[in-house]
Every structure is written in C-alpha cells, then in structure tokens.
Amino acid sequence: MSRNENKSRPDPRLGRADWVEAAWELLGKGSLDQVRVDTLAKHLDVTRGSFYWHFKDRGDLIEAILERWYASLGFEQSIEPVLHGVADPAARLWTVHEEVIRRIDNGQFAALRLWAKSNPAAQKRLDAEDKVRRAHA
C-alpha cells in the first residue's frame with residue numbers, strides 16, 4: 001500500500017467530538033442548514049455510517065453543536081470565572097463583552113442565534129442563558 005493510499009483512509013479514532021468540531025467549523029462558514037451529514041462525512045473522509053455510530057440523527061448532532069456553543073460561551077463555563085474579583089459594574093460589563101468576543105470563532109454565534117428564532121426549544125435555552133448573563137453583568 002502506498003503512503004498516499006494510507007492517508008486517504010479514515011482515522012479509526014474518529015469520535016463524536018470530531019464530528020461536532022467539523023460541524024462547528026462548517027457552521028462558521030454558513031448556516032445550520034448547511035450542516036449536513038453527507039457534507040460532514042465527505043469533509044472527514046468517512047462514510048455516513050460513521051456518523052450514525054455516534055449520533056442517532058441530525059437533530060442529535062445539532063443538540064451537540066448547541067452544547068458545544070454553551071460550553072464555550074455559557075456564563076458559568078466561560079464568563080463567571082473571569083468575573084471573579086471584578087466588582088465595578090462597568091468593568092464587569094466590559095469583561096463579559098470581551099470574553100464573549102474572544103471566544104467567538106467565526107459566524108457560529110450569529111448562525112445559532114438566527115436558527116434559534118425558528119426553534120422554540122433552542123430559543124428558550126438561549127433566552128435563559130442571556131438572562132443569566134444580564135443578571136451578572
């Protein structure tokens with residue numbers, strides 16, 4: 001087997017997190033509508049079957065993308081730790097804005113906010129997260 005043939009084989013260690021990161025990357029270039037199983041499989045050089053090994057369906061992947069978003073931008077996970085010791089309200093607000101901006105990758109934040117407008121469950125969770133941020137700013 002040639003060296004190039006070996007490189008074209010999918011990595012057997014490809015896991016759920018790899019799919020989520022690939023979806024996150026694709027989301028940053030467009031909208032959630034563009035995050036499709038076929039597109040991701042091609043990008044990762046694996047079969048659709050690999051996707052279904054890790055996710056029950058596309059909705060499960062979207063939920064994982066939302067979890068990744070909240071993990072990187074959620075108040076308790078990302079904002080609260082940097083506010084420790086910042087007492088001045090103006091400085092706290094500035095710190096929140098700086099931290100959110102620092103953690104934004106590409107267009108994922110805007111794409112997920114737009115998508116949540118048509119998904120009541122996602123919008124409810126987003127509203128709750130925003131409420132927590134406003135309460136601590």
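The values are calculated or read from the model by the stated rules, or taken from the named source; none is laboratory data. The structure displayed is predicted, hence computed values, not measured ones. All Cβ positions, glycine included, derive from the backbone under ideal geometry; neighbour counts span all protein chains shown.
Looking at region 74-85, can you tell me whether even one residue there is more than 26 Å from ALA116 (Cα to Cα) and touching a His at 6+ places or on another chain (Cβ under 7 Å)?
So far as region 74-85 goes, yes, one or more of its residues are more than 26 Å from ALA116 (Cα to Cα) and touching a His at 6+ places or on another chain (Cβ under 7 Å).
Helices (runs of 4 or more DSSP H) wholly in region 1-90 with at least 1 residues that are modelled with pLDDT under 85 and closer than 30 Å to ARG133 by Cα - which ones?
Of the helices (runs of 4 or more DSSP H) lying wholly inside region 1-90, those with at least 1 residues that are modelled with pLDDT under 85 and closer than 30 Å to ARG133 by Cα span 58-73, 80-83.
Applying the selection to region 26-76, what residues are surrounded by fewer than 16 Cβ atoms within 10 Å (Cβ to Cβ) and among the aromatic types (Phe, Trp, Tyr)?
TYR52, TRP53
When region 94-137 is examined, which residues are found to be surrounded by 14 or more Cβ atoms within 10 Å (Cβ to Cβ) and of a type in the set (Ser, Thr, Tyr)?
Passing the criteria: only THR95.
List pairs: first in region 1-25 and farther than 14 Å from THR39 by Cα and of a type in the set (Gly, Ala, Ser), second modelled with pLDDT of 50 or more and not in a loop (DSSP other than H, G, I, E, B), Cβ under 7 Å, 6+ apart or cross-chain?
GLY15/HIS54
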